[in-house]
Amino acid sequence: MISIKTGFLLSIFALWLAPLYLHSENLIASDILQDCYGNGDINGDGSVRSVSDLFYFESFLYKCGPPPPESINADLNSDCIGNIADFSLLQCFVVTGASCFDSYPVPTCCRVRLIRYHAPGDLNKNGEINILDLIALLSYLYKNGPIPEPLWIADVNANGVCNIVDVAYLTGYIYKDGPAPQCSPQ
Ligand SMILES: [Ca+2]
Ligand SMILES: [Ca+2]
Ligand SMILES: [Ca+2]
């Protein structure tokens, strides 16, 4: 049973959250209403949803390959992000030939955020580089924590070894405007 006092506090909290929630919903809706569409031409060669698009996307997501020239074409599920979920949809289309998208061309935001699955420095693969990745690196190096998968994403200075220098490099990037983690796929 929730006491009156707790209920009151929860209501205040909900009222405080509501405008934030509504605001983010509006942002996404207005962005999509701008009539932007993606076509799955990941490598920008004019041919859409082809095997070469699949290879290009795979290279970007997993091996630090170059990003799609037009990021808007990499979002196939209309969530305004180009990531492994979209890769799966493209794979479905290329392999089965079936229409794996809800609609085509795909309505999306005019600005699509691209997120690699294997990104240097993003050890926990959540699309951001922050203190959690630093903790994962320290845990791997000094506390028998899980081995980063693949290991090269933890070699953030791309010198071929993962050690305390990478800890300093990642700390510098997160807290001191240091250089960004580098790609070193092996
Ligand atoms: Ca997407
Ligand atoms: Ca992360
Ligand atoms: Ca290193």
Q | Inter-label distance for Asp102 and Tyr175, nm, one decimal - labels placed 7 Å from Cα along Cα-to-Cβ | A | 4.3
Q: Step through the residues of region 173-186 one at a time and calculate ³J(HN,Hα) from phi using the Karplus curve (6.51 cos²θ - 1.76 cosθ + 1.60, θ = phi - 60°), rounding each to whole Hz and writing x for Gly and Pro.
A: 5, 6, 10, 10, 6, x, x, 6, x, 9, 7, 8, x, 10
**Q.** Ile81 long-range amide H proximity, modeled H, under 5 Å
**A.** Arg113
Q: Would you work out which of Tyr175, Asn144, Val165 lies farthest towards the positive end of the dipole of region 119-186? Charges go on Cβ: Lys and Arg +1, Asp and Glu -1.
A: Asn144
Q) Considering amide H positions built from the backbone, and no H for Pro or chain starts, which residues 5 or more places from Gly38, or on another chain, come under 5 Å of its amide H? A) Val106, Thr108
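Could you estimate the translational diffusion coefficient of region 36-114 from the Stokes-Einstein equation, with Rh from the Kirkwood formula over C-alpha pairs, at 4 °C and 1.567 mPa s, in whole µm²/s? Don't skip to the answer; put the middle values down first.
Working: Rh = 11.9 Å.
Translational diffusion coefficient: 109 µm²/s.
Percent relative contact order of region 55-158, based on C-alpha pairs within less than 8 angstrom and at least six residues apart?
Numbers: 147 pairs, mean separation 24.3, N = 104.
Contact order relative to length: 23 percent.
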Q | Per-residue HN-Hα couplings for region 118-134 [Karplus 6.51, -1.76, 1.60; θ = phi - 60°; Hz; x = Gly/Pro] | A | 9, 10, x, x, 8, 5, 9, 6, 10, x, 9, 10, 8, 4, 5, 6, 5
Q) When Arg49, Arg111 are ordered from fewest to most other Cβ atoms inside 10 Å of their Cβ, what list results? A) Arg111, Arg49
Q: Sort all Cα-Cα distances of region 64-186 into consecutive 5 angstrom bins from zero, then give the percent of pairs in each bin up to the one containing the longest distance.
A: 2, 11, 18, 18, 15, 12, 11, 7, 5, 1
(Q) Through the Karplus equation 6.51 cos²θ - 1.76 cosθ + 1.60, θ set to phi - 60°, convert the phi angles of region 96-107 into ³J(HN,Hα) values in whole Hz; use x for Gly and Pro. (A) 9, x, 6, 7, 9, 9, 5, 8, 8, x, 8, x
Q) D for region 119-186, whole µm²/s, Stokes-Einstein with Kirkwood Rh over alpha-carbon pairs at 4 °C and 1.567 mPa s: what number? A) 113
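Every number here is computed from the coordinates shown, using simple stated rules; none is lab data. Computed from a prediction, not measured in an experiment: that's the story for all the values here. Cβ sites come from the backbone with ideal geometry, for glycine too, and all protein chains shown count toward neighbours.
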